[in-house]
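Here's the structure, in structure tokens; my notes come after.
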Amino acid sequence: MPIHKRKFNPEDDLGFGTQPVLKNQPLIRQDGSINVKRRGLPFYNTANNYHKLITMSWGKFWLLVLSSYLIINTLFAFIYLFIGVENLNGAEGTNTYQHFWDAFFFSAQTISTVGYGHISPRGMAANSVAALESMMGLLAFALATGLLYGRFSRPTAKIVYSSNMLVAPYKENAKGLMFRLANLRRNTLIDLQMEIIFSYNENVDGKLVRRFFPLELERKRVSILTLSWTVVHPLDENSPLKDMTYEDLKGTQASVAILLKAFDDTFSQTVHSRTSYKCDDIIWDAKFTPAFDRDEDGTIVLNLHKIGDFVRL
């Protein structure tokens, strides 16, 4: 097989052990998440609540906040209706529908401690519920504020990668396996370190095992990322992929894991980014087209939407 055999080094393992890849399921997804399902966790598992709230998308986060706010106010509105709308001074509704909205908006004013004064509780029961709701409101808004700050302050890397890896001309009469990346944010990333791990299934004594090999790069480190970075693995005599073909990679369900580490000048902390490419993502005999040009003043303009653009040779 054209993939050159090398001595297996356990230190090259990404942490997945020797479990083979089946049905073309990548070990690391393109978004950087780990493709492993967890079972055996208790039904009411609260260990990952903070992680979920911090890492979920902004759309899901705001939907959760808004839905929780509406549900809590609706619940307290029914409690006030159960106690009796006559215990809410200033409630002017004349039917059940209007009474509900009087109680709902009184709940919204109480939970946020706004208290416009138009409606006020009367009696021990209504005052006790209002006191409990105001305390819950202070705790809930403090929690939401903390989560919002945590989402903004969490140091992360926002890297855009080319959709494909290319087998492209490299130097004179040579080829290289390459992909391209750029920083989506306006912050400055310095001291970038790149690691590429090639993995494939190997039949050892009739049993499939996963093998991992680090690929040597033309350049592993970049001092500062200002434009795009084309990461190249030379397909020379030292490369385990020198004579690879699509059929070889497809048969072994090969994949390439990309691990990037950089220092974020804004947060003054180290950030990480991950992605992966499957064999179907590798294009033979192609090259990337330039992703930047210059404006009228001569300033370099980086076109982020062109990071993955390429032409076939």
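Read-outs throughout are calculated quantities, based only on the coordinates presented, and are distinct from any laboratory measurement. Bear in mind the structure is a predicted one, so any value in this text is a computation, not a measurement. Don't worry about glycine lacking a Cβ; one is built from the backbone with ideal geometry, like all the others, and counts go over all protein chains shown.
Sort 244-254, 29-39, 164-174 by packing, meaning the average of other beta carbons within 10 Å per residue, with the highest value first.
Numbers: 244-254: 17.3, 29-39: 10.6, 164-174: 15.6.
By packing density, highest mean first, the sequence is 244-254, 164-174, 29-39.
Using the crude model of +1 on Lys and Arg Cβ and -1 on Asp and Glu Cβ, and no other charge, please compute the dipole size for the chain relative to its Cα centre, in debye to 20. Mind showing how you got there, number by number?
Details: 34 positive and 30 negative charges, 144 e Å.
Using only the charged Cβ atoms, the result is roughly 700 debye.
If packing is taken as the average count of other Cβ atoms within 10 Å, what order do 279-285, 149-155, 106-112 fall into, highest mean first?
Details: 279-285: 15.9, 149-155: 11.1, 106-112: 21.6.
Taking the mean over residues of other Cβ atoms within 10 Å, the ranking is 106-112, 279-285, 149-155.
Tell me the relative contact order for the chain as a rounded percent, counting alpha carbon contacts under 8 Å between residues six or more apart.
Working: 507 pairs, mean separation 67.5, N = 313.
Relative contact order here is 22 percent.
Just the number: Rg to Rh for region 156-312, Cα atoms, Kirkwood Rh, two decimals.
1.00
Taking every pair of alpha-carbon atoms in region 49-153, give the share separated by more than 20 Å as a whole percent. Write down the numbers at each step before the final one.
Numbers: 2366 of 5460 pairs.
For region 49-153, the share of Cα pairs beyond 20 Å comes to 43 percent.
Hey, got the dipole for region 49-153? About the Cα centre, +1 on K and R Cβ, -1 on D and E Cβ, debye to the nearest 20? Spell out each step's value before the answer.
Working: 4 positive and 4 negative charges, 99 e Å.
The calculated dipole for region 49-153 is roughly 480 debye.
May I ask you to evaluate 6.51 cos²θ - 1.76 cosθ + 1.60, the Karplus curve with θ = phi - 60°, for each residue of region 289-294 and list the ³J(HN,Hα) values in order in whole Hz, giving x for glycine and proline?
So the Karplus estimates, Gly and Pro as x, are 8, x, 9, 9, 9, 10 Hz.
State, in angstrom, two size descriptors of the chain derived from its alpha carbons: Rg to one decimal place and Dmax to the nearest whole number.
When restricted to Cα atoms, the chain yields Rg and Dmax of 28.6, 90 Å.
Determine which aspartates and glutamates satisfy two conditions relative to K158: a Cα distance under 15 Å, and not lying fewer than 8 residues away in the same chain.
K158 reaches D31, D264, D265.
How do E92, E296, E202 line up, fewest other C-beta atoms within 10 Å first? Please list the in-between numbers first.
Working: E92 10, E296 5, E202 17.
Listing E92, E296, E202 from fewest to most nearby Cβ atoms yields E296, E92, E202.
Just for the Cα atoms in region 89-224, what are the lengths along the principal axes, largest first, rounded to whole Å?
If we take the Cα atoms of region 89-224, the spans are 87, 46, 26 Å.
Quick check for me: using +1 on Lys/Arg Cβ and -1 on Asp/Glu Cβ, what's the dipole size of region 156-312 about its Cα centre, in debye to the nearest 20?
On the way: 21 positive and 22 negative charges, 79 e Å.
With Lys and Arg at +1 and Asp and Glu at -1, about 380 debye.
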